[in-house]
Amino acid sequence: MPKIPLVYKDADILVLDDNPINVELLVQQLEDYGYRGVRGETDPRRLEALLEAGMPDLLLLDIHMPHINGYQVLERLKTHWKNLAPPVIVLSAQTDPDTRLQALNLGARDFLPKPFDRFEVLQRIHNTLELHFLLRERSSRAELLEELVKQRTADLHRLSLTDPQTELPNRRGLLEWLQQGREAVVYFIVLEGMDDIARVHGYGVAEALSRAVGERLQRLPGSQRRQLGVWGGNEWLLLEFDGIGEQDIARRANELVAVVSLAFEVEHLLLYLKVRIGVSHSGFAHRSPEHLVRLASMALPTEHNCWQCYQPVLEQDLLAINRRRQALHAAIDNQELFLVYQPKVNLHSGRVTGAEALLRWVHPELGFISPVDFIPIAEASGDILRLGDWVIDTAIRQLECWLEQESVAADFKVAVNVAALQLMQPGFADQLITRLQQSRLPRGALEVEVTESGLMQNMELALSQLQQLAEQGISIAIDDFGTGYSSLAYLKLMPVTVLKIDRAFIDEMDNDCQDRRLVETVINMARNLGCVTVAEGVERVEHIDLLRKMGCTLVQGYWYSPPLKPAAFIAYTQQHNAMR
């Protein structure tokens, strides 16, 4: 007889038989063989308490017992304890197929006939325990794997809701906060200047600055009822719950502007950001949390270090802007654009010696749309490049026509406005020079007007482009001088020949001594630099008298004429000059 291995000697084995002799016999045999955890019970009614106290690794169960028979025990184990129930070897003197089959159907793992054969008992117990512990080990591994998967899934879910730089909630995380259904105020925060800092000081500094912003905003009072997060890029959200009074909103918004505007010390650098904040709250009609955030983004003011609360009219304005943007894209092809020309009058001779070409748009359904409304749209969308080309080509053709018809003097100049985006195109100067060389215009007939802010976007590229144009005799005018980054340094570098004084200084110069001194200072500076001065927005005779005394070269404004279509412009110019 081969020796049966004793692998599971510490297994917990429970013998349940109403016959004490059978119980004692089995317990004794198993203990003699080396099993150390064998216990016996003769009353099946106590089984439930024994299982509650500690689940055995194996149950040796008699079928025929008073009070509760073996079949009932098997049924109870199957329905109540389910997967936690121990494996069962049935003990019975009845070995007929029906008895065996019924026991097996109720979940018995094996069957031992009475009287017991010692070696058969030990082998069957070994086999059952082996399978039990193997299944337990697999189950434990499965549970461990399931727990690891659950933990990893939770980690991935947390990462999917977190911004990696700041470890604050990202867009998905913020939307989950808003989906809780609590009343909330949404502060949509746009940080201006972060991209410039990244380009100048490196992306590591920009990331450190982002973390510093997060830390500073999290230190604001009332942190227990708000959540800060990163919506995307330089756009952040502050969600504030259970407090949507107008005074609370205004106080918090002003506080946000103030704390972000203060200097940040990052890696031994003192860095400054500008901020714009749009505000919405759950009191506004909205379809979803994302829509509530969109309402806040619509409320973003155009000015830096300001905030604005959403109003329904803002959405209507945005829809109008989107419609204009779509319509503007086809405006050239649909021949909806045209140029008007505002006369420039020489204060010394009194004659019209030039004009500024100005773009106008009339849409068949939207009607007349002011340049104040459509030029920013064109600049934001990039359509300004195509519009700018059209303006230059149209102005060149118109001046060619006037000169051929001798409607204007041979030295007549037309100025065209060049947007910052045009000036930042590397081939802009070459293309403009080629157009002029292919035209019939005399040298110097076209003047280019650029703004101070446009020059500052890329001083090196702007300088290179303007020098190319100046070498070909094209006059360079600084438009709206004094309203941007006015600096003598760039005036010395740039080949500027004309300074245009903004109407903001002209309008009240006859009543405001400070404006009058500023205008006179600009004219004197231009004279010393060898530049021509053009005063814009001249609307009263007092303006003319003061500007003439100050030595201003040219003026334009409604005192003389509004911008006119080509035929009306020539009629005005010829009539005006005929009287001089």
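The values are calculated or read from the model by the stated rules, or taken from the named source; none is laboratory data. Since the structure is predicted, the reported quantities are computational estimates derived from the model, not experimental observations. Quick reminder, even Gly has a Cβ in these numbers, built from the backbone with ideal geometry, and neighbours come from all protein chains shown. With ligands, DNA and RNA removed, areas are computed over all heavy atoms of the protein, side chains included. Shrake-Rupley method; radii C 1.70, N 1.55, O 1.52, S 1.80 Å.
As an exercise, identify the chymotrypsin sites (Phe, Trp or Tyr not before Pro) in region 229-272 lying in DSSP coil whose Cβ has no more than 14 other Cβ atoms within 10 Å.
272
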Separation between Cα centres of region 554-578 and region 48-67, rounded to whole Å: 112
In terms of modelled amide H atoms, which long-range or inter-chain residues lie less than 5 Å from the amide H of residue 231? 236, 237
If you plug each phi of region 52-68 into the Karplus form 6.51 cos²θ - 1.76 cosθ + 1.60 with θ = phi - 60°, what whole-Hz ³J(HN,Hα) values come out, in order, with x for Gly and Pro? 5, 6, x, 6, x, 7, 7, 10, 9, 10, 7, 7, 9, 9, x, 6, 9
Neighbourhood charge, 11 Å Cβ-Cβ cut-off, centred on residue 378 and excluding it, Lys, Arg +1 and Asp, Glu -1: 0
Rounded, prolate or oblate for region 81-220? Axes are the square roots of the Cα gyration tensor eigenvalues, ordered a ≥ b ≥ c, and the cut-off for rounded is a/c under 1.5. prolate
For residue 78 and residue 440, compute 0.36 nm times the residue count separating them, minus their Cα-Cα distance, and round to one decimal in nm. 120.1 nm
Which trypsin sites (Lys or Arg not before Pro) does region 171-243 hold that lie in a coil by DSSP with at most 10 other beta carbons within 10 Å? 219
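Enumerate by residue number the GluC sites (Glu not before Pro) in region 160-250 meeting two conditions: DSSP loop (anything except H, G, I, E, B), and at most 13 other Cβ atoms within 10 Å of the site's Cβ. Provide the component values of the computation, followed by the final result.
Values: sites: 167, 176, 183, 192, 207, 215, 235, 240, 246; in loops: 167, 183.
Of the GluC sites (Glu not before Pro), the ones in loops of region 160-250 whose Cβ has at most 13 other Cβ atoms within 10 Å are 167, 183.
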Based solely on its DSSP helices, what 222 nm [θ] is calculated for the chain when runs of n ≥ 4 H residues each add -39,500 (n - 2.57) and the sum is averaged over all residues, nearest 500 deg cm²/dmol? -14500 deg cm²/dmol
What number does region 243-297 give for Rg over Rh if you use C-alpha atoms and the Kirkwood radius? 1.13
Scan around residue 451 for amide H atoms under 5 Å from its own, H built in the peptide plane at 1.01 Å from N, and keep only partners 5 or more places away or cross-chain. 479
With Cβ to Cβ distances under 15 Å as the rule, what net charge do the other residues near residue 190 carry (K, R +1; D, E -1)? -1
At 1.567 mPa s and 4 °C, plugging the Kirkwood radius over alpha-carbon pairs of region 142-252 into Stokes-Einstein gives what diffusion coefficient in µm²/s? 82
What residues qualify as long-range amide H neighbours of residue 535, i.e. H under 5 Å apart, gap of 5 or more or another chain, H built at 1.01 Å from N? 501, 554, 555, 556
If you wrap a convex hull around the alpha carbons of region 219-368, what volume per residue comes out, as a whole number of Å³? 242
By how many nm would the segment from residue 322 to residue 137 lengthen if fully extended, with 0.36 nm per residue of separation less the alpha-carbon distance? 60.1 nm
Relative contact order for region 13-169: what is it in percent, counting Cα pairs under 8 Å that are at least 6 residues apart? 17
Rh by Kirkwood over Cα pairs, then Stokes-Einstein D for region 200-263 at 1.002 mPa s and 20 °C, µm²/s: 165
List the aspartates and glutamates whose alpha-carbon lies under 13 Å from that of residue 114, not counting same-chain residues fewer than 8 positions away? 17, 62, 96
How large are Rg and Dmax for region 445-578 when calculated on the C-alpha trace, in angstrom? 15.7, 45
Roll a 1.4 angstrom probe over the protein heavy atoms and tell me the percent of accessible area of region 225-333 that is carbon or sulfur. 50
Working out 0.36 nm times the residue gap between residue 254 and residue 195, then minus their Cα-Cα distance, what length gain in nm do you get to one decimal? 18.8 nm
Alpha-carbon radius of gyration plus Dmax, which is the widest Cα pair, for region 492-569 in Å: 13.1, 40
At a threshold of 8 angstrom on Cα-Cα distance, excluding pairs fewer than six apart, so keeping six or more, what relative contact order does region 522-580 reach in percent? 32
If all Cα-Cα distances of region 1-63 are sorted into 10 Å bins from 0 onward, what percent lands in each bin, rounded to whole numbers? 22, 51, 24, 3
The chain: antiparallel DSSP beta bridges as a percent of all, rounded to 5: 50
Ignoring ligands and nucleic acids, residue 579 exposes an accessible area, probe 1.4 Å, in Å² to the nearest 10, of 130
Computed Rg/Rh of region 314-458, alpha carbon atoms with Kirkwood Rh: 1.00
From the convex hull of the Cα coordinates of region 117-164, what is the mean projected area in square nanometres? 3.1
Whole-Hz couplings from phi, Karplus 6.51/-1.76/1.60, listed for region 224-236; x for Gly and Pro: 6, 10, 8, 9, 9, x, 9, 6, x, x, 9, 9, 10
The answer for the net charge of residues other than residue 222 whose Cβ lies under 9 angstrom from its Cβ, with Lys and Arg +1 and Asp and Glu -1, is +2
Which listed pairs, of 413/549; 82/150; 344/565; 344/500; 413/565; 344/549, have C-alpha distances above 22 Å, in listed order: 413/549; 82/150
Note to self: C-alpha centroids of region 344-393 and region 405-438 sit apart, in Å, by 14
Dimensionless Rg ratio for region 26-116, taking C-alpha atoms and the 2.2 N^0.38 Å reference: 1.06
Directionally averaged shadow of region 181-233, computed from the convex hull of its alpha-carbon atoms, nm²: 4.4
Computed on Cα atoms only, the convex hull of the chain has an orientation-averaged projected area in nm² of 46.6
Given all pairs of different Cα atoms, what value in angstroms does the Kirkwood hydrodynamic radius of region 75-147 take? 13.8
